[in-house]
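**Student:** If you scroll down you'll find the structure; I have some questions about it.
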Amino acid sequence: MVRDFIGNTPLRRDEYLSMRYNTNILIKEEFHNPGKSSKDRAAWFMVEDAIKTNKIAPGGTFVEASSGNTGISIALIAKKLGYKAKIFVSASCSDEKIDLLKSYGAEIQQCDNSNGLHVFNSTQYLAQNYSSNTENTYFTNQYYNSNNIKAHYKTTGPEIWTQTNGEVTHVLVGVGTGGSISGIGRYLKEQNPKVKIFGIEPKDSVYSLYMQNIPIPDEEAKFDSIEGIGRTFIPGAFDKNAVDEIFQIDKNATVSISKKYREISGNLLGYSSAAVLAALDKHIEKMNLTENDQVVLFFPDHGDRYIHKLYKDLVSIEEISEDYNASI
Ligand SMILES: Cc1ncc(COP(=O)(O)O)c(C=O)c1O
């Protein structure tokens, strides 16, 4: 059963980062999920709920709007359970993710998200429109589906708590739909209200405005594109009460730390994972870390999904595959 393989991912102490930042840096490695990203968790909860509550009949089509990872997870799970998947992806989605979607048999429609997610040609709009007008389809709608938060509340949060023996002090999570940070933060703060939950978004995304009660401009903002994170609106899957602060990070700092980390450790970071590390590096003073703290960095996927975007110029493909094989 595919469910049995989702979650329970390792929490690895990173010796280099722990030494560099003089504290305990623990990495939650989500690329160990079957679909190789944290999105398997939300996808499973959304699909299972739809099937159990008869929102879709056997053989039907799951529909999602996704920059890639949620789509990949939905496609994989749908296929395993005998359903179909139709995924609306943004034109910026990496070639590696498109190839994977195709390999799971998903039907793909590429859309233009350059004017945000609420215009007629966006992934979100077209997915909703398709599902509303096609028999036996179900739009999982990760931005507004409570099972997105629930997945992390029921699985990721408890895993982090258990894996740190209840000693986690800080968690850094990239924010896209908000499902991961909200579920993790809600669970951990219930165990210990002192745990600090920091969200990471690209420069000019709107979560930090929202956290500071600053009105969000009506006009869709253009934010730095870092696959998976940043938004121009606040989705229903984001729970402000589960979060202490949102840090912004720019794309150049993200790309540069991914290359530096690769040189030092040999590991390839996913794009949003590199953003989390760059944010730790940039905002560490504000976090008031001590040497006894247990700081968890949530890494949703692996750098093998971004070879063309992050690592193309750095090393040969053969070298990358060797590193990746060694790390799994
Ligand atoms: C690579 C990556 N990082 C971060 C996120 C953000 O996670 P969430 O949507 O739970 O906020 C996503 C979501 O798709 C992602 O694919």
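**Student:** Filter the stretch 37-70 down to residues that are near the ligand (Cβ under 9 Å from one of its atoms) and of a type outside the set (Lys, Arg) and give me whichever is surrounded by the fewest Cβ atoms within 10 Å (Cβ to Cβ).
**Tutor:** Here the answer is Ser67.
**Student:** Within the stretch 259-285, which residues are small (Gly, Ala, Ser) and within 13 Å of the ligand (Cβ to nearest atom)?
**Tutor:** Gly270, Ser272, Ser273, Ala274, Ala275, Ala279, listed by residue number.
**Student:** I'd like to verify a number: residues in the stretch 1-25 that are open to solvent by less than 20 Å² (accessible area, probe 1.4 Å) and either outside any helix (DSSP H, G or I) or touching a Ser or Thr at 6+ places or on another chain (Cβ under 6 Å) (or both), how many?
**Tutor:** 6
**Student:** Continuing with this model, one more query. Taking the criterion of being more than 23 Å from Ser66 (Cβ to Cβ) and either under 18 Å from the mean Cα position of the chain (by Cα) or in contact (Cβ under 8 Å) with a residue 60 or more places away in the chain (or both), would at least one residue in the stretch 204-217 satisfy it?
**Tutor:** Yes, that holds for at least one residue.
**Student:** Determine whether the stretch 180-187 contains at least one residue that is away from the ligand (no atom under 12 Å from the Cβ), without any contact (Cβ under 8 Å) to a residue 12 or more places away in the chain and out of contact with any strand residue (DSSP E or B) (no Cβ under 9 Å at 6 or more places or on another chain).
**Tutor:** No, there is no match, as no residue in the stretch 180-187 is away from the ligand (no atom under 12 Å from the Cβ), without any contact (Cβ under 8 Å) to a residue 12 or more places away in the chain and out of contact with any strand residue (DSSP E or B) (no Cβ under 9 Å at 6 or more places or on another chain).
**Student:** While we're looking at this one, here's another question. Could you grab me the full set of residues in the stretch 188-201 that are more than 16 Å from the ligand (Cβ to nearest atom) and out of contact with any helix residue (DSSP H, G or I) (no Cβ under 6 Å at 6 or more places or on another chain)?
**Tutor:** Across the stretch 188-201, the qualifying residues are Lys189, Glu190, Asn192, Pro193, Lys194, Lys196.
**Student:** Scan the stretch 161-179 residue by residue and report those that are over 20 Å from Lys39 (Cβ atoms) and either within 16 Å of the ligand (Cβ to nearest atom) or hydrophobic (A, V, I, L, M, F, W, C) (or both).
**Tutor:** The answer is Trp161, Val168.
**Student:** Another question, then. Can you tell me which residue in the stretch 188-205 is nearest to Ser272 (Cα to Cα), limited to those that are among the hydrophobic types (A, V, I, L, M, F, W, C) and touching a strand residue (DSSP E or B) at 6+ places or on another chain (Cβ under 6 Å)?
**Tutor:** Ile200
**Student:** Okay, next question. Quick one: in the stretch 71-82, of everything that is surrounded by fewer than 23 Cβ atoms within 10 Å (Cβ to Cβ) and free of Cβ contacts under 8 Å to residues at least 40 places away in the same chain, which residue is nearest to Gln142 (Cα to Cα)?
**Tutor:** In this case the residue turns out to be Lys79.
**Student:** Find the residue count for the stretch 53-75, including only residues that are part of a helix (DSSP H, G or I) and over 20 Å from Gly303 (Cβ atoms).
**Tutor:** 2
**Student:** Looking only at helices (runs of 4 or more DSSP H) that lie completely in the stretch 131-249, which have at least 3 residues being within 28 Å of Ala78 (Cα to Cα)?
**Tutor:** Once the helices (runs of 4 or more DSSP H) in the stretch 131-249 are filtered for at least 3 residues that are within 28 Å of Ala78 (Cα to Cα), what remains is 146-151, 157-163, 179-191.
**Student:** Taking the condition of being open to solvent by 40 Å² or more (accessible area, probe 1.4 Å) and of a type outside the set (Gly, Ala, Ser), how many residues in the stretch 260-288 meet it?
**Tutor:** Residues that pass the stated criteria total 9.
The values are calculated or read from the model by the stated rules, or taken from the named source; none is laboratory data. Quick caveat: nothing in here was measured; it's all calculated off a predicted structure. Because the Cβ atoms are built from the backbone with ideal geometry, glycine has one as well, and the counts that use them run over all protein chains shown. Just so you know, the surface numbers come from the protein's heavy atoms only, side chains and all, with ligands and any DNA or RNA stripped out. Shrake-Rupley method; radii C 1.70, N 1.55, O 1.52, S 1.80 Å.
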